[in-house]
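Down below is the structure, laid out as structure tokens.
The values are calculated or read from the model by the stated rules, or taken from the named source; none is laboratory data. The shown structure was predicted, so the numbers you read here are calculated from the model rather than taken from an experiment. Here the Cβ positions follow ideal geometry from the backbone for every residue, glycine too, while neighbour counts run over all protein chains shown.
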Amino acid sequence: MSSNDSSVLAAAAQCPMHELNPMLPALLRQPWGMNRRLRDEAPIFQDPNSGIFFVSRYDDVVKMAMDPTTFSSKMLQSTRAMSGSSDPELLEIMAGGYPQVATMLTQDPPLQRRYRKFVDGAFSPASLKALEPFIESTAHALIDGFIDQGQCEFLSDFGVPLPLRVIVSQLGAPMEDLHLFRKWTEAFIGNLSQQLDRDGILAAARDMVEFQHYFVERMAERRAAPQDDILSKIVNASIDGEQSLGIDESLSMISQILVAGNETTSASITEGIWLLIENPEEYERIKRDPSPEMISNFVEEVLRISSPSSNMFRRAVKEVEWHGVTIPKDAILFARFASANQDERRFPDPLRFDLTRTNLKEQVAFGKGVHHCLGAALSRREMNIGFRVIFERLENFRLAPGAEPPSFAANALLHGLSGLDVSFDRVA
Ligand code: HEM
């Protein structure tokens, strides 16, 4: 941790509540102490800088997620590059692309349910079962790529490519285009991070327009010759005789599947390895019993602790009085899923990584209610299969010689390590 980060964290632990700035990079990287203060002292807290209301306790986050008529998700992709900027260069770039429309994540019922119906089939138990051999062979191929070196940068060598290859295969694109997907995901995430300068915003906008044109071509191919993948289902879906999705709607759904599905799963898989390194007793427990049940418990506890989708937007549809705070109509709120997952009222000793918790399944890393993650079952499968293959082939994970303890990236919506240099042994 840098000395600058330490002093920001120390100040945040003591300052009067109204002086707290929760969007400081040091606090986005290491939010745990601040989250506890917010849950205890200000369960509904208005960030004085952004004006956003932070909802931090488990019961309150669940209540908000279960009440979409009071707390709406409807907004355009909350992106500065896509929103009403008057920067002429940005507007020119955006004019070369397709307009943003609100679909699943950024839409309310009943429209939100309608959009989900178009893709539900692609995430059905039967479709996911059919994907299992691909997930397993991909995990093996990635390990083959670094096992002889005895060390790797786990995020880019395994955490990122496993879900990326799965989603690229499902979005009907060739593996040669993998690097493009990585670039586009980074553009969307960078944009969401609210940390980009003007050059970064313009570059992200260019990448997003490139993404749109790429998929307009892929969609035309899938319309002409459907395959057994998500893209064909999106392009050719029609429900109750209703017309299929428009190009703008399809692009919005594809971008959500790409962004929501990649960084999140990558972050959890990578933090899973770091949690093993930090918690040797729990690592031993899995070594003694690498059964599917134990690996499933491990995955749930990794999801709870990592909670990569840490904050999600809502908009108050009407004025709400909550814990003595007046939230005005149209105010923006954060449903703080990561903080909910650390709430000691629900998970005793919440920062402890503990595979024997009796309520592991109550974790809300995938959200709750109508917006509950579309890809939760896919992601769980990727993690369960990915970790099983890892435990079969690699052991004794530790920080690589000379590597510093890893640090988290500063992002207002997503939480994950920026890298993880590890050494390991080959299972004999
Ligand atoms: C560890 C991995 C993942 C985590 C932690 C995660 C987290 C979440 C959360 C918290 C929500 C609810 C958002 C809200 O209430 O506003 C959500 C929704 C969503 N997720 Fe995931 N997700 C993950 C993986 C995936 C994958 C693999 C996909 C797709 C392939 C995906 C696609 C989506 C979509 C499309 C939505 C919006 C659903 C709707 O609003 O109806 N996610 N996710």
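With the range 87-180 as the region, which helices (runs of 4 or more DSSP H) entirely inside it contain at least 2 residues that are more than 30 Å from E392 (Cβ to Cβ) and away from the ligand (no atom under 11 Å from the Cβ)?
The helices (runs of 4 or more DSSP H) meeting that bar are 88-95.
Looking at the range 54-76, can you tell me whether even one residue there is more than 22 Å from the chain's Cα centre (by Cα), within 16 Å of the ligand (Cβ to nearest atom) and either closer than 30 Å to L231 by Cβ or surrounded by fewer than 19 Cβ atoms within 10 Å (Cβ to Cβ) (or both)?
Yes, there is a match, as at least one residue in the range 54-76 is more than 22 Å from the chain's Cα centre (by Cα), within 16 Å of the ligand (Cβ to nearest atom) and either closer than 30 Å to L231 by Cβ or surrounded by fewer than 19 Cβ atoms within 10 Å (Cβ to Cβ) (or both).
For the range 355-377, how many residues are outside any helix (DSSP H, G or I) and near the ligand (Cβ under 6 Å from one of its atoms)?
Looking only at that region, the number is 6.
Find the helices (runs of 4 or more DSSP H) located wholly in the range 223-338 whose residues include 3 or more that are within 11 Å of the ligand (Cβ to nearest atom) and surrounded by 16 or more Cβ atoms within 10 Å (Cβ to Cβ), and list them.
Here the list reads 247-278, 292-306.
Of the numbered conditions (1) closer than 28 Å to L374 by Cα; (2) touching a strand residue (DSSP E or B) at 6+ places or on another chain (Cβ under 9 Å), Q46 satisfies every one except a single condition; which is it?
Of everything listed in (1) closer than 28 Å to L374 by Cα; (2) touching a strand residue (DSSP E or B) at 6+ places or on another chain (Cβ under 9 Å), Q46 misses just condition (1).
Let's see how each residue does on (1) assigned to a helix (DSSP H, G or I); (2) more than 13 Å from the chain's Cα centre (by Cα):
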residue	(1), (2)
R381	yes, yes
N384	yes, yes
E392	yes, yes
E404	no, yes
N411	no, no
D425	no, yes
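Within the group S124, S169, S137, S156, which residue is surrounded by fewer than 20 Cβ atoms within 10 Å (Cβ to Cβ) and touching a Phe, Trp or Tyr at 6+ places or on another chain (Cβ under 9 Å)?
So the residue among S124, S169, S137, S156 that is surrounded by fewer than 20 Cβ atoms within 10 Å (Cβ to Cβ) and touching a Phe, Trp or Tyr at 6+ places or on another chain (Cβ under 9 Å) is S169.
Given the structure, is R206 surrounded by fewer than 22 Cβ atoms within 10 Å (Cβ to Cβ), modelled with pLDDT under 90 and within 30 Å of L24 (Cβ to Cβ)?
Judged against the criteria, R206 is not a match.
Report the residue count in the range 339-352 for those that are among the acidic types (D, E) and surrounded by fewer than 16 Cβ atoms within 10 Å (Cβ to Cβ).
The total comes to 2.
In the range 147-180, what residues are free of Cβ contacts under 8 Å to residues at least 12 places away in the same chain and among the hydrophobic types (A, V, I, L, M, F, W, C)?
Correct list: M175 only.
How many residues does the range 378-399 contain that are surrounded by fewer than 15 Cβ atoms within 10 Å (Cβ to Cβ) and closer than 14 Å to E300 by Cα?
Qualifying residue count for the region: 0.
Could you please let me know if E404 is surrounded by fewer than 15 Cβ atoms within 10 Å (Cβ to Cβ), more than 9 Å from the ligand (Cβ to nearest atom), at pLDDT 95 or above and on the phi < 0 side of the Ramachandran plot?
no
Taking the criterion of being under 25 Å from R285 (Cβ atoms), among the β-branched types (V, I, T), surrounded by fewer than 19 Cβ atoms within 10 Å (Cβ to Cβ) and at pLDDT 95 or above, would at least one residue in the range 417-428 satisfy it?
Within the range 417-428, one or more residues are under 25 Å from R285 (Cβ atoms), among the β-branched types (V, I, T), surrounded by fewer than 19 Cβ atoms within 10 Å (Cβ to Cβ) and at pLDDT 95 or above.
Restricting to the range 92-119, and then to whatever is within 25 Å of S73 (Cα to Cα) and free of Cβ contacts under 8 Å to residues at least 40 places away in the same chain, can you tell me which residue is surrounded by the most Cβ atoms within 10 Å (Cβ to Cβ)?
Result: Q107.
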